[in-house]
Structures are given as structure tokens and as C-alpha cells.
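The values are calculated or read from the model by the stated rules, or taken from the named source; none is laboratory data. Keep in mind that this is a model prediction, so the values were computed, not measured. Reconstructed Cβ throughout: ideal geometry from the backbone, glycine too, with neighbour counts over all protein chains shown. Ligands, DNA and RNA are excluded from the accessible area calculation, which covers all protein heavy atoms including side chains. Shrake-Rupley method; radii C 1.70, N 1.55, O 1.52, S 1.80 Å.
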2 protein chains.
Amino acid sequence: MRIAVDAMGGDHAPKEIVKGCIKAAKEFKDVTLVLYGKEDAIRAELTETYENIEIVHAEETIKSDDDPVRSIRRKKESSMVKAAYSVKNGENHALFSAGNTGALLAAGTLIIGRMKGIDRPGLLATFPSLSNERAVFNMIDVGANSDSKPLNIDQYATLGSYYSNHVHGVSNPTVGLLNNGTEENKGSELSKAAYKLLKENTAINFIGNVESRDLLNGVADVIVTDGFTGNAVLKTIEGTALSLMGVIKSAIMDNGIKSKLGGLLLKDSLGDIKNLLDYSKYGGAVLFGLKAPVIKTHGSATEEPVYHTIKQIRGMLESNLLEDLIQHFETRD
Amino acid sequence: MRIAVDAMGGDHAPKEIVKGCIKAAKEFKDVTLVLYGKEDAIRAELTETYENIEIVHAEETIKSDDDPVRSIRRKKESSMVKAAYSVKNGENHALFSAGNTGALLAAGTLIIGRMKGIDRPGLLATFPSLSNERAVFNMIDVGANSDSKPLNIDQYATLGSYYSNHVHGVSNPTVGLLNNGTEENKGSELSKAAYKLLKENTAINFIGNVESRDLLNGVADVIVTDGFTGNAVLKTIEGTALSLMGVIKSAIMDNGIKSKLGGLLLKDSLGDIKNLLDYSKYGGAVLFGLKAPVIKTHGSATEEPVYHTIKQIRGMLESNLLEDLIQHFETRD
């Protein structure tokens with residue numbers, strides 16, 4: 001397995017990207033990491049040589065505020081574009097970046113290309129489920145598209161089901177449609193039309209409408225929604241969790257010695273919660289529906305999230321996720 | 001001020017509704033509460049007589065699973081419908097219910113009627129802001145409509161600004177459009193079109209796009225969005241906060257004596273947080289854009305939330321919120 005890594009993308013590139021790659025390369029001997037970026041800068045972080053780390057020099061870098069489509073078209077010598085072409089050409093099997101999300105979407109769609117049967121790729125993210133029934137759930141689309149059609153949501157359901165099955169080992173994963181009520185007749189024009197398609201989709205285990213209130217309680221293995229709503233929900237989960245943890249920290253620190261002592265005694269337990277909520281351990285967001293795995297991790301990613309993302313990509317490659325999906329959509333017609 | 005109360009709506013009606021009304025009637029002598037519902041059942045909860053509590057018998061009750069529009073049209077003798085007509089006829093000045101939300105929306109729109117200049121009423125909810133800059137923020141529409149138009153969102157901005165100013169005393173409240181990015185060119189077709197209208201709206205202090213990640217940090221006084229996204233975000237905030245508090249409780253209880261002791265020491269501080277997050281103290285959700293205040297509180301509401309909602313309605317009536325809005329929309333053309 002060969003993974004093309006955009007070593008220059010993200011707030012802490014190339015340092016943390018390289019560190020994460022070293023950790024992964026040491027553990028996964030069956031993976032070769034091909035680092036794209038400024039050779040000097042990458043080599044400065046690589047203290048020793050590793051059999052399964054290669055470097056491909058790329059003169060340019062796409063910045064976080066660069067226009068996505070324009071930068072992909074013009075910066076042909078950038079680490080992201082060169083890495084994407086290496087996947088298109090079959091030299092490498094997956095693309096990983098912590099850089100400009102819009103540019104990565106553009107690179108994925110324009111260079112690597114869509115899978116047959118997929119009209120628009122969607123972004124899939126994995127979240128911890130706080131119920132006992134399941135450890136995680138996946139939501140797609142969390143923001144690749146600002147406007148989705150019923151057809152797109154139906155395709156996301158198939159993609160998400162395959163992901164849940166292949167990567168998380170869930171057999172016959174349940175799929176819920178995010179809606180503003182659980183009854184079948186509820187919803188916007190879009191969600192009502194998507195419901196009809198999902199009900200007819202024989203490749204999935206559709207359980208009907210679900211409400212965002214129940215997501216973290218593990219209401220389903222796969223949640224499908226349009227990219228606008230999914231993005232709002234993703235960021236609301238993040239924002240609410242962060243705000244609450246901040247408030248709890250203040251409550252411990254600003255309420256005198258009694259609270260401080262209580263906080264000290266609870267330190268391990270609260271640390272467990274922080275760990276539970278830290279969904280970077282499930283890897284990055286998958287730009288899903290392309291001919292090869294394209295994974296975006298947080299711009300702020302450090303060694304650990306980079307390592308987890310490579311582990312995730314390895315899981316995708318090892319399980320033949322893309323091959324099985326490609327076959328599904330090809331034999332369907 | 002006379003408030004028509006649907007005494008039969010909600011999981012704990014009429015008991016808790018009546019209890020909340022008694023508490024409010026004792027404190028607010030300038031408010032007369034007119035309770036609609038089964039006279040016997042209401043009287044059984046009213047241990048004494050209060051000068052400012054009246055009862056109007058209503059034979060029927062709209063149930064939580066009744067079809068909204070049909071029940072409003074057919075159950076003419078229901079507490080909700082009779083209360084709504086009393087507001088339409090000017091006998092009472094506002095309508096309050098903890099009952100069937102859809103039916104209340106229908107009663108508000110079909111019986112009380114829309115304010116001139118408002119195409120579709122929106123549901124406004126008030127949330128705690130966890131920042132120092134502001135104590136609360138309002139979001140509209142959190143679910144009155146499943147499909148909103150740019151025009152609706154623009155009208156919500158005016159409604160929300162007046163609410164923030166009149167009820168929370170914020171001068172020149174800031175308005176943010178919920179979007180999937182903060183840049184002006186971001187968003188769905190809907191949010192991009194809404195942005196243009198909001199930019200031209202001289203009745204509001206528009207600060208541009210905001211992301212749901214920043215809501216609880218108090219990014220603006222008023223957040224406007226379509227009803228589908230607003231509903232998803234409202235329920236995500238609720239669900240995430242509840243799930244997290246549940247996880248914290250388990251962490252304290254299930255991790256041995258050290259954690260239990262820590263939890264004991266932190267009890268007051270964690271109680272403060274629960275109190276901070278309890279947004280029932282800001283009253284119910286306002287079905288906004290009608291000729292009179294129509295307020296929905298949680299179906300599970302008990303004495304305290306009912307009391308707070310009456311306090312909120314009193315604030316709306318006292319501040320001439322509706323009169324000022326009606327004047328605004330009438331003099332605008």
C-alpha cells in the first residue's frame with residue numbers, strides 16, 4: 001500500500017505531518033508513505049531514513065486561503081497537486097492532506113475523479129457514540145457540498161454503509177436520515193424526496209428519520225444528510241462540546257479550593273471524557289465517492305491525529321472498500 | 001395584560017400549568033391569566049381563588065399526536081382553539097401553550113393571523129451564551145418551517161432584532177446568518193441569497209455569516225437561519241449538552257470512591273453549569289410574526305418553566321414589542 005502524503009498542508013506542516021508519518025511508518029511496515037513537499041524542509045524533520053518513507057520534491061505549496069479550484073489549476077508544482085496526480089496515475093493508492101479543504105475537494109474531483117455511480121462526492125466524518133450499543137457513528141455529507149439533491153443523499157447512504165461495514169466491521173449497518181422529526185411524512189422537500197429513495201435502496205439497512213438530538217446516543221451507524229445541514233450539525237457538536245468543557249474547567253478553577261480539590265480527584269475521569277470526545281483518533285474526514293481514498297485531517301493536526309489518519313487509510317485500503325464500492329455501482333446497472 | 005393559557009396542553013397538564021400560573025399570578029399583579037380547559041380539572045388544582053386567574057371551560061383537548069391543521073379546524077371546543085379565538089377577538093393579548101406544537105403553529109397562523117409584512121412566522125428560541133460579552137442569544141427559525149425562502153430569513157432578522165432589543169434590552173443587537181463558512185461568498189443558494197437581503201436590511205445590525213461552532217460563544221445577539229437547519233442545530237445543542245452531562249455523571253459515579261468524592265466537592269459548581277444550560281428560564285419559543293404573542297413551552301414543562309414563560313410573555317407585552325413591529329412593517333412600505 002502506497003499513500004501519497006501532502007507534507008506541506010496544515011498549520012504545523014511539515015513538522016507534525018512528518019512526525020505522524022514516522023510513527024505510522026514504524027508501526028505499519030506494509031505501508032509506504034510518499035511525502036510530497038519541499039525536500040529540504042521534509043528531510044530536516046526526518047532524523048533517520050526509513051525503508052517505507054519516500055520523498056518527492058514539490059516546489060509550490062497551496063495555502064489555506066488560496067482559491068480552491070484556481071490553485072489546483074495553476075499550482076501544478078504544488079505538493080497537493082503532485083500527490084493527487086500520483087494517485088490518479090496509480091503510483092500511489094490514496095491521498096492524505098491536512099491542507100486547504102476546498103482545494104483538496106477540487107483536487108479529488110478534478111484530478112482523481114469520481115467513482116462511477118456517484119454524482120457528487122460527500123465528506124464523511126466519524127464521531128464517538130456515547131451509547132453502549134455502538135462505539136462510533138459516521139455522518140455524510142458534513143460539508144463537501146453546500147446544496148445537495150435527494151440522489152446525492154441516497155448515494156451517501158450506500159457509501160456510508162460500506163464504510164461502516166468495511167472500516168468499523170459493522171454488519172448490516174443501520175442508516176438514518178437526519179430530519180426535523182421522526183415520522184415518515186416529516187421534513188423539507190429535500191429530505192422527503194431523499195426518504196423515498198432511501199426506502200427503495202436495497203443496498204442499505206434504512207431505519208427512517210432520526211433527529212440530531214439523538215446522534216450522540218448512537219441512534220444509527222450511518223447518518224445521511226445534505227452537506228449544509230451536516231456541516232452545521234458537525235460544527236454544533238464541536239462547539240457545544242468545547243464550550244461545555246470550557247465551562248466545566250472554569251467551574252473547577254474559579255470556585256475556590258473545594259472545587260479545585262474536586263477537580264483534582266476527578267482529573268482521570270474527566271481526562272477519559274476528553275479522550276472519548278477526541279474524534280481525531282478515528283482519523284480524518286473521508287472525501288468519499290472518488291476513485292481512490294482522499295482523506296482530509298484537521299488543519300491543526302499534530303503527530304497523533306496524523307498517525308491515526310494514516311491508520312484509517314490503511315484500514316480503508318486493506319478492506320478493499322473502494323474496490324467493493326466500485327464493483328457495487330458497476331454491477332448495479 | 002391578559003394572557004390566554006391553554007391549560008390542557010403538555011405532558012403534565014393541567015396540574016403543572018396551573019401551578020406555574022399560580023406562581024406567576026402571585027408575583028405579577030398586572031397580569032390576568034385566563035385558563036382554558038376542563039373547568040373541574042383546573043379547579044381541582046386551584047386550591048384558592050386568585051383575583052387575576054380566570055377560568056373558561058373548554059370541553060375538548062388537542063392531543064400531542066393529533067393532526068395539526070385538522071384538529072384546529074375540527075376541535076372548535078378545544079382549549080387551544082378557544083384560547084386562540086380569545087386572542088383574535090381582543091379579549092386576551094397573548095396565547096400560551098405547552099401542547100401540540102404543530103397545532104399551535106396552525107392556530108397562530110390560521111386563527112390569530114400573520115402580521116403585515118411577514119410571509120411566514122418563525123420560531124424564536126433563546127439560548128444561554130457562555131461568553132462574557134452577552135448573557136443570551138436568540139435564534140430564529142428553529143423549526144416553524146421545513147423550507148424557508150431568503151425573504152423569510154430577512155424578515156426573521158428584523159423580528160429577532162426587535163425581540164433582542166425589547167425583551168433583553170440589547171441596543172442595536174448584532175445579527176449573524178448561520179452559514180457553512182464566514183466569508184461572504186460562502187453558503188448554499190438559499191444562504192447566499194439571504195445574505196444579499198440582510199446586507200440591504202437597514203432595520204438590523206448585520207455582521208455577516210457565522211458558523212454554528214461559535215454560537216454558544218456568543219458570536220451574535222440574533223442568529224437567523226432557515227427552519228430546517230435551525231431545528232437541527234437546536235436539537236444538536238440539546239443532545240450534545242445532555243449526552244455530555246450524562247457522561248460526566250457516569251464518570252463521577254462509576255469510577256470509584258475518588259471520583260465520587262471529587263463529584264461531591266464539585267456538586268455546587270456542576271449545579272451552576274446545569275443551571276446555566278437550563279434555557280427554560282428564558283421562557284418558551286416564540287411563534288413570531290403573528291398579530292399577537294404566541295408562545296410554546298416544552299411539552300414536559302413543569303411549574304417553573306411555565307412561570308418563566310408567563311414572565312417572558314409579560315415582558316413582550318410590557319415592552320410593546322408587537323406594536324412596535326407592526327408599526328415598523330406598516331410604515332416601511
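Quick notes on this one:
- Within the range B:268-285, the residues that satisfy the criterion of being within 8 Å of chain A (Cβ to nearest Cβ), without any contact (Cβ under 8 Å) to a residue 40 or more places away in the chain and open to solvent by 20 Å² or more (accessible area, probe 1.4 Å) are B:268, B:270, B:272.
- Checked against the criteria, residue A:313 counts as in contact with a strand residue (DSSP E or B) (Cβ under 9 Å, 6 or more places away or on another chain), open to solvent by less than 30 Å² (accessible area, probe 1.4 Å) and either assigned to a helix (DSSP H, G or I) or polar (S, T, N, Q) (or both).
- Residue within the range A:293-300 that is out of contact with any Cys (no Cβ under 9 Å at 6 or more places or on another chain), within 11 Å of chain B (Cβ to nearest Cβ) and open to solvent by less than 60 Å² (accessible area, probe 1.4 Å) present: no
- Cβ-Cβ under 6 Å pairs, at least 6 apart or on other chains, the range A:171-196 side more than 19 Å from residue B:235 (Cα to Cα) and in a loop (DSSP other than H, G, I, E, B), far side open to solvent by less than 80 Å² (accessible area, probe 1.4 Å) and modelled with pLDDT of 95 or more: A:172/A:205; A:173/A:161; A:173/A:164; A:173/A:165; A:173/A:221; A:173/A:222
- The condition (being within 17 Å of the chain's Cα centre (by Cα) and over 15 Å from residue A:223 (Cα atoms)) is satisfied by just one residue among A:123, A:95: A:95.
- Flag for residue B:232 being in contact with a His (Cβ under 7 Å, 6 or more places away or on another chain) and not aromatic (Phe, Trp, Tyr): no
- Within the range A:135-147, tally of residues that are closer than 21 Å to residue A:278 by Cα and either of a type in the set (Ser, Thr, Tyr) or outside any loop (DSSP other than H, G, I, E, B) (or both): 5
- Hits in the range A:318-333 - residues which are open to solvent by 30 Å² or more (accessible area, probe 1.4 Å) and part of a helix (DSSP H, G or I): A:318, A:323, A:324, A:326, A:327, A:328, A:330, A:331, A:332
- Taking the range B:14-34 as the range and being open to solvent by 10 Å² or more (accessible area, probe 1.4 Å) and either within 19 Å of the chain's Cα centre (by Cα) or among the small types (Gly, Ala, Ser) (or both) as the test, only B:16 passes.
- In the range B:74-87, the residue that is farthest from residue B:36 (Cα to Cα) out of those that are touching a residue at least 24 places away in the same chain (Cβ under 8 Å) and open to solvent by 20 Å² or more (accessible area, probe 1.4 Å) is B:85.
- Of residues in the range A:166-186 being in contact with an Asp or Glu (Cβ under 9 Å, 6 or more places away or on another chain) and farther than 19 Å from residue A:138 by Cβ, the one most open to solvent (accessible area, probe 1.4 Å): A:182
- Filtered by the rule that a residue be touching a residue at least 40 places away in the same chain (Cβ under 8 Å), within 21 Å of the chain's Cα centre (by Cα) and closer than 24 Å to residue B:21 by Cα, the range B:55-72 gives B:62, B:64.
- All of A:144, A:125, A:94 fail the test of being in contact with a Pro (Cβ under 7 Å, 6 or more places away or on another chain), within 14 Å of chain B (Cβ to nearest Cβ) and open to solvent by less than 30 Å² (accessible area, probe 1.4 Å), apart from A:144.
- So residue A:206, is it among the hydrophobic types (A, V, I, L, M, F, W, C), farther than 26 Å from residue A:311 by Cβ and in a strand (DSSP E or B): yes
- Subset of the range A:204-239 (residues that are open to solvent by 40 Å² or more (accessible area, probe 1.4 Å), at pLDDT below 95 and more than 7 Å from chain B (Cβ to nearest Cβ)): A:219
- Among residues of the range B:24-53 that are outside the structural domain of residue B:76 (by TED's automatic domain parsing), none has a Cβ under 7 angstrom from a residue that is open to solvent by 30 Å² or more (accessible area, probe 1.4 Å) at a sequence gap of 6+ or on a separate chain.
- If only residues of the range A:151-165 that are open to solvent by 40 Å² or more (accessible area, probe 1.4 Å) and in contact with a Leu (Cβ under 8 Å, 6 or more places away or on another chain) are counted, the one that is nearest to the other protein chains (Cβ to nearest Cβ) is A:151.
- Residue within the range B:148-169 that is in a loop (DSSP other than H, G, I, E, B) and either of a type in the set (Val, Ile, Thr) or closer than 24 Å to residue B:64 by Cβ (or both) present: no
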